[in-house]
Every structure is written in C-alpha cells, then in structure tokens.
1. Structure shown: which of Lys13/Lys71; Lys40/Lys71; Lys13/Lys50 lie over 25 Å apart, alpha-carbon to alpha-carbon?
2. Averaged per residue, what accessible area in Å² does the chain show with a 1.4 Å probe, protein chains only?
3. Using +1 at the Cβ of each Lys and Arg and -1 at the Cβ of each Asp and Glu in the chain, identify which of Val84, Ile2, Val147 lies farthest towards the dipole's positive end.
4. Taking +1 at the Cβ of each Lys and Arg and -1 at the Cβ of each Asp and Glu, which of Asn67, His57, Ile157 sits farthest along the dipole of the chain towards its positive end, judged by Cα position relative to the Cα centre?
5. If you take Kirkwood radius over Cα pairs in Å from the coordinates, which of [x] 17.0; [y] 17.4; [z] 18.9 do you get?
6. Counting other C-beta atoms within 10 Å, and keeping those with at most 16, which DSSP coil GluC sites (Glu not before Pro) do you find in the stretch 3-55?
7. Considering only protein heavy atoms and a probe of 1.4 Å, how much of the accessible area of the stretch 1-157 is carbon and sulfur, as a whole percent?
8. As I understand it, the dipole of the stretch 1-136 uses +1 on the Cβ of Lys and Arg and -1 on the Cβ of Asp and Glu, about the Cα centre. Which of Val16, Ser99, Ala35 lies farthest toward its positive end?
Amino acid sequence: MIRSNLRYNEAEKHWVTSYPWIIDPLSLPNNYSCALATLKNTETKLSKDKEWAQIYHGQILDMLERNVARKLTREELQEWQGPVFYLSHLAVANPRSTSTPVRIVFNSSQVYRGYSLNKSLAKGPNSYLNSLTGVLLRWREEPVAMVADIRKMYNSIYIDS
C-alpha cells in the first residue's frame, strides 16, 4: 500500500506519497482543543527554560526555511473541506545530542475521542528495526555497500492532498 503510492518527482527532487488510510479520514474528529492544550503545555515548559525555547524556536524556523512547514492563511483554513485532525508537537529532551539538546517530536499517537493518527494509518513493516546480525549479513551480501545521511528525511517527503 505504501510502496504503490510512492513516486519520485524528478523535476523538484523530492518523494511524493499519499497517506495509507485504513479508515475514512472524514470520520476523524476535529481535535483542535486537544492540540491547543498540548501547545499551551509546551509553551509553559519552554517559558521556564530560555535555552530550550531558543533551540525549539530555531528548529521551527529550520522547518519553515526548508519548506517542510508553513503557516496557513485564514482563507485556506476557512475554505478547507477535507478532514481535520491536528498533530501536536512537544519539546523533548535529547540528552544524546550535543547540538540539539531539545528536539521537536510530533505526537501522532495522541488519542482524541478514540482516534489517533497512528491508529488511522496502515502500519509499515517491522524491518526498520534491524538486528545487528541482520544488518551485518546484509552489509556483506553484495560487492558494494552504501551509507547515506538521510537528515530529517521524515520532513522531506511530500504528501498528496
């Protein structure tokens, strides 16, 4: 399901796909109040630590600069006729990183009236969680091995509306 919807836009140099819905997305409840409450909690947490707030703000600006996020206009919000289900984001400590001690995490498992984005979309394969043995065997399987940096890959895939 996921692979059949995936295509590469050569002209714009990015991948495009559509959501692999397992429910009718129009059945999702509007969770604006829940997402707003999460935002207020995040803002309260960030207001207590100026360094975290500055890093978090920088990450938001980075997403805007890379064009993986943008602010919708009032007209776009008013004219939208499709499903509405907000994805909240949180400030999470990232102690393993010296460059990004705080990172933005989008909470797709947050439940509202029995629905979450995770429960509404098809689950991908578990093969992404590789055992070390499996990785080593596959590494030696072919004459050429390749390593790549997929920096911020999640935000680099475009979604068809």
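The values are calculated or read from the model by the stated rules, or taken from the named source; none is laboratory data. This one's a predicted model, so the numbers in the text were calculated from it and none came from an experiment. Neighbour counts run over all protein chains shown; Cβ positions are idealised from the backbone, glycine included. Areas reflect the complete protein model, heavy atoms only, side chains present, ligands, DNA and RNA absent. Shrake-Rupley method; radii C 1.70, N 1.55, O 1.52, S 1.80 Å.
1. Values: Lys13/Lys71 23 Å; Lys40/Lys71 18 Å; Lys13/Lys50 37 Å.
Correct reply: Lys13/Lys50.
2. On the way: 12740 Å² over 161 residues.
Accessible area per residue, the chain: 79 Å².
3. The listed residue farthest towards the positive side: Val147.
4. Comparing the listed Cα positions along the dipole, His57 ranks first.
5. Evaluating Kirkwood radius over Cα pairs in Å on these atoms matches [z].
6. Details: sites: Glu10, Glu12, Glu43, Glu51; in loops: Glu10, Glu12.
Hits after loop and neighbour filter: Glu10, Glu12.
7. Working: 6940 of 12360 Å².
The computed percentage sits at 56.
8. Ser99
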